[in-house]
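What follows is one structure encoded as structure tokens, with my remarks underneath.
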Amino acid sequence: MRHTWIVVVLALASQAAVAGNRCRSSTEMGYERCGRGVPSVWLELGATAMRYTPDRIDQNAAQYHFATTDTAALSATGWRFRGTVDVQDDWYTGLEFDYAQFGGPGLTANWIDRGTVMTMSVATRGDIVQAKLPLGKRAVAGRLAFGAELAPGLQVATFTTTDIPNYVEPWIQSWFVLEAHAKLDAWLTSRTTLGLEASADLLHSGHIQAALLFGFHLAPR
């Protein structure tokens with residue numbers, strides 16, 4: 001899976017390099033889009049959905065010993081903000097920030113009270129925050145823009161127990177990520193786009209993500 005995404009990214013980047021050398025103009029968009037004519041600042045906001053498998057939980061907290069019983073992948077939904085700046089010849093870099101919420105994983109909790117050990121099932125919920133630094137190359141064809149990116153970053157998940165008698169301090173898991181992104185944007189006006197981004201983490205198999213983004217762009221003067 002990881003090798004497939006690497007091949008896809010390299011293929012898209014090579015196509016972007018070829019397309020970037022061909023000048024295209026669009027009277028509909030209101031400006032020439034070739035080389036530095038492509039908007040140099042992209043600000044985007046939208047919805048995101050991800051699927052990933054958390055690390056196993058096996059720890060003591062408060063009066064409990066918690067252990068993971070459900071190791072299935074989790075789904076999370078939330079929102080994304082990203083801002084990028086062109087640096088040279090259709091290459092760009094920037095910041096991508098995600099926030100999402102999820103339900104699970106399921107845990108068992110052993111609770112010792114007056115010498116008696118009781119076992120109960122515990123549900124959890126949580127939040128995921130991701131901060132990434134995408135580096136990519138873009139090619140424009142008519143009203144469409146294609147992008148291929150690599151995005152290193154950090155993911156932090158916070159887990160909170162629900163429906164449990166005693167308060168338990170939330171716990172945190174964190175991962176370094178290296179994502180391969182494929183991006184497609186359609187121009188709505190000369191300053192706005194609607195885009196779709198799909199990604200996979202090259203360091204953790206099964207960690208995939210998609211986002212639907214509305215973009216506002218600033219053209220160079």
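Readers should treat all values here as calculations from the given coordinates under stated rules, not as data from a laboratory. Just so we're clear, the structure is a prediction, and the values are computed from it rather than from any experiment. Neighbour counts are summed over all protein chains in view; Cβ atoms, including those assigned to glycine, are modelled from backbone coordinates with ideal geometry.
Quick look at the values:
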item: Difference of contour (0.36 nm per residue) and Cα-Cα distance, residue 43 to residue 127; result: 27.9 nm
item: Order of 99, 64 - criterion: other Cβ atoms within 10 Å of each residue's Cβ, fewest first; result: 99, 64
